[in-house]
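The values are calculated or read from the model by the stated rules, or taken from the named source; none is laboratory data. Just so it is clear, the structure is predicted and the values come from calculations on it, not from any experiment. Note that each Cβ is placed from the backbone with ideal geometry, even for glycine, and that neighbours are counted across all protein chains shown. Note: areas computed on protein heavy atoms with side chains; ligands, DNA, RNA excluded. Shrake-Rupley method; radii C 1.70, N 1.55, O 1.52, S 1.80 Å.
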Amino acid sequence: MDSVFSFISLALTAILVENFVLVKFLGVCPFVSSNTKPSSAAAMGTSVLLVMTAASAGCALLNNYVLVPFGLQYLRIVAFLIIILVIVTLFDMLLRLSMHRLYSLMGRNFSMLLTNCAILGVVLINTSSQSGILMSTLYGLLAGTGFMIAMVLYSLIAERLQFADIPAAFQGLPVAMISAALLALSFMGFTGLRI
């Protein structure tokens, strides 16, 4: 019962209270770039979720079994960036070879995963909280889920705005930023949530 409660608490925290894109404002580039089609936003969100989960697991393994035992903590950021680069490259090759439709949905936006600061942010949060490998992986999965939910919600709003009657001064980037700000405000309403 206690483990179920802690899982629910971690899930609500990672998805709603500490949403990486809407509350911490990390990884905004893929969030804004895939804003017109919910299908491409879902594909990109799924990619971020998978990469974030794999990077959390890989970096936790590296940190707990190599960096900390050998006193190499000063190499964390460089080592984590290399792990993320390898995971994104492998995921890119896998998508290109086996899932052409999904890869075509993401298009050029897939390369943004290499520079997505939300992935590095999750890994560094896991390291600073000294989570175990299982908890780090779970937190990466849940944070990626929150990222994907935010991307899909924003793409649905942006798709609807394409057909709205918007004054000329607010068309384009201004209405996109206002929509993103209102969505972020709605997620920030969860910050007072205490479990």
Only one of (1) out of contact with any helix residue (DSSP H, G or I) (no Cβ under 9 Å at 6 or more places or on another chain); (2) farther than 18 Å from residue 129 by Cα fails for residue 51. Which number is that?
(1)
Is it true that some residue in the range 38-46 is at pLDDT below 85, assigned to a loop (DSSP other than H, G, I, E, B), open to solvent by 30 Å² or more (accessible area, probe 1.4 Å) and within 30 Å of residue 176 (Cβ to Cβ)?
no
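For the range 107-124: of the residues being of a type in the set (A, V, I, L, M) and closer than 18 Å to residue 60 by Cβ, which is modelled with the lowest pLDDT? Give the steps one after another, and end with the answer.
Step one: filter the range 107-124 for residues of a type in the set (A, V, I, L, M), giving 112-114, 118-120, 122-124.
When the remaining residues are screened for being closer than 18 Å to residue 60 by Cβ, the result is 118-120, 122-124.
Working: 118: 85, 119: 88, 120: 89, 122: 91, 123: 91, 124: 91.
Only one residue fits best here, namely 118.
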Within the range 3-19, does at least one residue satisfy the condition of being under 25 Å from residue 138 (Cβ atoms), under 13 Å from the mean Cα position of the chain (by Cα) and at pLDDT below 80?
no
Being open to solvent by 20 Å² or more (accessible area, probe 1.4 Å), out of contact with any Ser or Thr (no Cβ under 9 Å at 6 or more places or on another chain) and at pLDDT below 85 is the requirement here; does residue 104 meet it?
yes
Restricting attention to the range 55-67, and to residues there that are open to solvent by 40 Å² or more (accessible area, probe 1.4 Å) and touching a residue at least 24 places away in the same chain (Cβ under 8 Å), which single residue is nearest to residue 162 (Cα to Cα)?
61
Among the residues of the range 69-88, which ones are open to solvent by less than 60 Å² (accessible area, probe 1.4 Å), closer than 14 Å to residue 116 by Cα and either over 17 Å from the mean Cα position of the chain (by Cα) or at pLDDT 90 or above (or both)?
80, 83, 84, 87
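Name the residue, out of 135, 188, 177, that is at negative phi, at pLDDT below 85, open to solvent by 80 Å² or more (accessible area, probe 1.4 Å) and part of a helix (DSSP H, G or I). Don't jump to the end; show me each part of the working.
On the way: 135 fails: at pLDDT below 85; 188 fails: open to solvent by 80 Å² or more (accessible area, probe 1.4 Å).
Selected residue: 177, the only one of 135, 188, 177 that is at negative phi, at pLDDT below 85, open to solvent by 80 Å² or more (accessible area, probe 1.4 Å) and part of a helix (DSSP H, G or I).
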